[in-house]
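Novice: Here it is: the structure, laid out below.
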Amino acid sequence: MMAQTQPQTNITPVLEVRGMTQQFGGLRAVSDFNVRLMPGELTGLIGPNGAGKTTVFNLVSGFYQPTVGEIFINGQPTAGLKPHKVTSLGVARTFQNIRLWNDMTVLDNIRVAQHYWLNYGFFSSVFRTKRYKQRETQISEEANELLEVFDLMQFADEFPKNLPYGTQRKLEIARALSTKPKLLLLDEPAAGLNSADAKDLIRLIRWIHETFDVTIWMIEHHMDVMMELCEQIKVIDFGETIAEGNPEDIRNHPAVITAYLGDDNI
Amino acid sequence: MKHHSLNALLAIVAVLLLVAAHFGWIDNYIQIVVMTIGINIIMSTSLNLVNGNMGEFTCGHAGFMCVGAYVSSIISVLCFGSKFGDPMLPAGSVLFVFPFILLIGGAVAAVSSLLVSVPSFKTRDDYLAIISIAVNYMIISALENMNFIGGSRGFQGMKDTYWAMIDIFDGPWMLFWVINFTIFTVWVIRRFISSTYGKGVNAICQDEVAAEIMSVNTNKIKIINFMVAAGLAGCAGGLYAHIIGYVNPQSFNILKSTEAMVMVYLGGMGSLSGAIISAILFTTLMEILRSQAIIDGMLSPVTFIFPDWEPSAGVIKWVMIPLLLVIVMQFRPEGIMGNRELSDVFPKLKKFYRFK
């Protein structure tokens, strides 16, 4: 599962966004956004506050439908699909403010994320059919495996609200991976973490990228995290893409410096 | 077989009740109370599915009970009664057909729940509560205007079905059906909410956005959950109609819905055992407060001061019960059980039964 940085034409991109624009009334939150993520990439999306980063994620995960433009996930268009359908195409995401199901155990949090693939319905669940039993055992095994590799097994029967903040972040990523995504969107995974926890998170994301067959696209404000992790970074401001390239280019890009620090000629 | 001792206990209690009723060891009044408890358990556990597990706020549950009551009554009269002409089925088949009559009533009630579940895609909380009250009124008013089934005068003739059962065997049939359907309801709900499929309902309750993003088809699950709840309430309505032998749209008005809600909130949101316990407590309390002697006794300090005041049990009951609700909400807002089950409170119970 080597990271693949060179885009190749014969491989379908995991995510392709063409000319995406999102208009909220008079506000143009995202305008003419284009991106192409190839399998195995680890890309960053940065920008000042209110630049429209989370809106881009909301659009890609199907939470909003773009006003103009097209989104393809693994080559399939997401236009008109409900978010759970988009998820089923292979996108999973985490949230800026953790959104775990707090009154369900950690194990159930992981299990319910398999809901789309349950393959049984109400009557199977009531009559406990063979398929029900098969699927439930299978799901339990997979969930336990996931908790095991994420080192969360000791919290399996705990409620997420009782876990430390860093662990909740980790659990949310584990829950997202439980849907077996091809594309993982991380919305500020390091928000609210101290520098030691942020270091752990860098290690975790790198490990996920190496272990799971998944393309990662992340929003982050901690520049050190981004510079260390990402191969490609895209910078947006006021919904417009202002720069993209590798971390070194971004660091010295005049438009980025202007966006973050302001212009020096008044 | 330790895991099945609860099932065995339930079976023994059920058989004892039936035997006692059959040989007249418990009188008709007690039987009616037991049947009301059963119906109330069905109502509170099914409403708990929506208000507790899914965290929606609906207060029109009696509307679905009404649909079930009317549909099963009409089918019952068509099949075994003489009101609409000759009975369509031989009286001997009643024991096989009757549960299906109830289930058909439940199925139609389940379909009618679409009136609430479809708006619930985009509406929540107070707004959904208003929609559910509106649906309750719609159902009642529609039935009041259907003169061919009695309109506001009510509908009767279901006792023929009961007599057909009595002709086969002279026993406490309605008690039998109520016990069976109560156990059926709890069985269905427990299995549904303990499956990963049913836990999607809990996920919607706790974070609908996260549920949708994490691949739960929230709209479908909402429809199914509402349908299960309304369907079971419809079965309860059918049982109620056949016990009383008479239905009137006004017996299923907002007051009846409120009763179901009181039981859910008393028992604790999202707790199946809480809903059962509170249904038993609530029904018993209602019956106790129906007695004029007890009301007089309780209020004797007040009537001593105001000798002219003669409290009537029927009215004071509706002062006492809301007062109880106020007290519970003040001092234990999470209800008797909170969102925990009996097995969480007494872990030793797990030895006797798998609460899964």
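The values are calculated or read from the model by the stated rules, or taken from the named source; none is laboratory data. As the structure is a prediction and not an experimental result, all values here were calculated from the model. Cβ atoms come from the backbone with ideal geometry, glycine included; neighbour counts cover every protein chain shown. The protein model used for the area step is the full one, side chains on, heavy atoms only, and it has no ligands, DNA or RNA in it. Shrake-Rupley method; radii C 1.70, N 1.55, O 1.52, S 1.80 Å.
Novice: Under 20 Å Cα to Cα from A:Lys170, which lysines show up? Leave out anything in the same chain fewer than 8 places away.
Specialist: A:Lys161, A:Lys180, A:Lys182, A:Lys199
Novice: Provide B:Phe304, B:Phe346, B:Phe121 ordered by accessible surface of protein heavy atoms (probe 1.4 Å), highest first.
Specialist: Largest to smallest exposure gives the sequence B:Phe304, B:Phe346, B:Phe121.
Novice: Considering amide H positions built from the backbone, and no H for Pro or chain starts, which residues 5 or more places from A:Glu158, or on another chain, come under 5 Å of its amide H?
Specialist: Amide H neighbours of A:Glu158: A:Val106, A:Leu107.
Novice: Over the whole of A:126-133, what's the average partner chain Cβ count within 10 Å per residue? Rounded to a whole number, please.
Specialist: 2
Novice: Hey, another quick one. Can you give me the angle between helix A:130-149 and the longest principal axis of chain A, using Cα atoms only, in degrees from 0 to 90, rounded to the nearest 10?
Specialist: 50
Novice: Roughly how large, in nm² to one decimal, is the mean projection of the convex hull of the alpha-carbon atoms in the protein assembly as shown?
Specialist: Computing the convex hull of the Cα atoms and averaging its projections yields 37.6 nm².
Novice: Within straight cross-link reach of B:Lys350, meaning Cα distance under 17 Å, which aspartates and glutamates are found once same-chain residues fewer than 8 apart are removed?
Specialist: By straight Cα distance, B:Lys350 reaches A:Asp157, B:Glu341.
Novice: Can I ask one more? Among B:271-283, B:308-320, what's the highest-first ranking by average C-beta atoms within 10 angstrom per residue?
Specialist: B:271-283, B:308-320
Novice: Quick one: net charge around B:Gly198, please, counting Lys, Arg +1 and Asp, Glu -1 for every other residue with C-beta under 10 Å from its C-beta.
Specialist: That sum, taken over residues with Cβ under 10 Å, equals +3.
Novice: Provide the buried accessible surface between chains A and B in square angstrom, both chains summed, 1.4 Å probe, rounded to the nearest 100.
Specialist: Buried surface at the A/B interface: approximately 2800 Å².
Novice: Using a Gaussian network model of chain A with C-alpha springs under 10 Å, which one of A:Thr211, A:Thr12, A:Thr78 is most mobile by mean-square fluctuation?
Specialist: Result: A:Thr211 has the largest fluctuation of those listed.
Novice: Just to verify a number: what accessible area does A:Met227 come out at with the full protein assembly present, 1.4 Å probe, Å² rounded to tens?
Specialist: 40
Novice: Mind listing the long-range amide H neighbours of A:Thr21? Cut-off is under 5 Å, sequence gap 5 or more, other chains count too, H placed in the peptide plane at 1.01 Å from N.
Specialist: Result for A:Thr21 returns A:Asp32, A:Phe33, A:Thr67, A:Val68, A:Gly69.
Novice: From the phi angles alone, apply the Karplus equation (6.51, -1.76, 1.60; θ = phi - 60°) to segment B:168-174 and give each ³J(HN,Hα) in whole Hz, x where the residue is Gly or Pro.
Specialist: After applying 6.51 cos²θ - 1.76 cosθ + 1.60, I find 6, 8, 7, x, x, 5, 5 Hz.
Novice: Could you tell me the center-to-center distance, by alpha carbons, between segment B:310-336 and segment A:114-170 in angstrom?
Specialist: 41
Novice: How large is ³J(HN,Hα) for each residue in segment B:337-342, as worked out from phi by the Karplus curve 6.51 cos²θ - 1.76 cosθ + 1.60 (θ = phi - 60°), to whole Hz, x for Gly and Pro?
Specialist: Running phi through 6.51 cos²θ - 1.76 cosθ + 1.60 with θ = phi - 60° gives 9, x, 9, 8, 9, 4 Hz.
Novice: With a 10 Å cut-off between alpha carbons and a GNM built on chain A, which of A:Phe127, A:Phe24, A:Phe155 moves the most?
Specialist: Maximum fluctuation in the GNM of chain A, among the listed residues, is at A:Phe127.
Novice: If you take each beta carbon of peptide A:101-109 and count the beta carbons of other chains within 10 angstrom, what is the mean?
Specialist: 4
Novice: Which whole-Hz couplings ³J(HN,Hα) result when phi for each residue of segment B:252-259 is put into the Karplus expression 6.51 cos²θ - 1.76 cosθ + 1.60, θ = phi - 60°, listed in order with x for Gly and Pro?
Specialist: Computed from phi, the couplings for segment B:252-259 are 10, 7, 4, 5, 5, 4, 5, 4 Hz.
Novice: Leaving out ligands, DNA and RNA but keeping every protein chain, what accessible area does B:Tyr137 have, in Å² rounded to the nearest 10, with a 1.4 Å probe?
Specialist: It works out to around 120 Å².
Novice: Quick one: which residues, 5+ away or cross-chain, put their amide H under 5 Å from the amide H of A:Asp237? H built at 1.01 Å from N.
Specialist: So A:Asp237 has HN proximity to A:Ile242.
Novice: Rounded to the nearest 5, what is the percent of antiparallel bridges among the DSSP beta bridges in the protein assembly as shown?
Specialist: Antiparallel bridges make up about 60 percent of those DSSP assigns within the protein assembly as shown.
Novice: Which value, in Å² rounded to 10, gives the accessible area of B:Phe184 with a 1.4 Å probe and all protein chains present?
Specialist: 70
Novice: Could you order A:Arg36, A:Arg175 by accessible surface area, starting with the largest, using a probe radius of 1.4 Å?
Specialist: Final ranking, largest accessible area leading: A:Arg36, A:Arg175.
Novice: Please report, as a whole percent, how much of the solvent-accessible surface of segment B:71-130 comes from carbon and sulfur atoms (probe radius 1.4 Å).
Specialist: In segment B:71-130, the share of accessible area belonging to carbon and sulfur is 74 percent.
Novice: Further question on the same structure: With chain B treated as a Gaussian network of Cα nodes joined by springs under 10 Å, which of B:Ser291, B:Ser257, B:Ser46 yields the largest mean-square fluctuation?
Specialist: Taking springs between Cα atoms under 10 Å, the residue moving most is B:Ser291.
Novice: At a 1.4 Å probe radius, which order do A:Trp217, B:Trp163, B:Trp173 fall into by accessible area, largest first?
Specialist: Ranking A:Trp217, B:Trp163, B:Trp173 by accessible area, largest first, yields B:Trp163, B:Trp173, A:Trp217.
Novice: Would you mind getting the accessible area per residue of segment A:104-158, heavy atoms of the protein chains only, 1.4 Å probe, in Å²?
Specialist: 50
Novice: Hey, another quick one. Check the straight Cα-Cα distances from B:Lys159 and name the lysines below 18 Å, setting aside those fewer than 8 residues away within the same chain.
Specialist: By straight Cα distance, B:Lys159 reaches B:Lys83.
Novice: If you count, for each residue, the other Cβ atoms within 10 Å and average over each peptide, how do B:235-248, A:243-256, A:161-174 line up from highest to lowest?
Specialist: Those peptides, ordered most packed to least, come out B:235-248, A:161-174, A:243-256.
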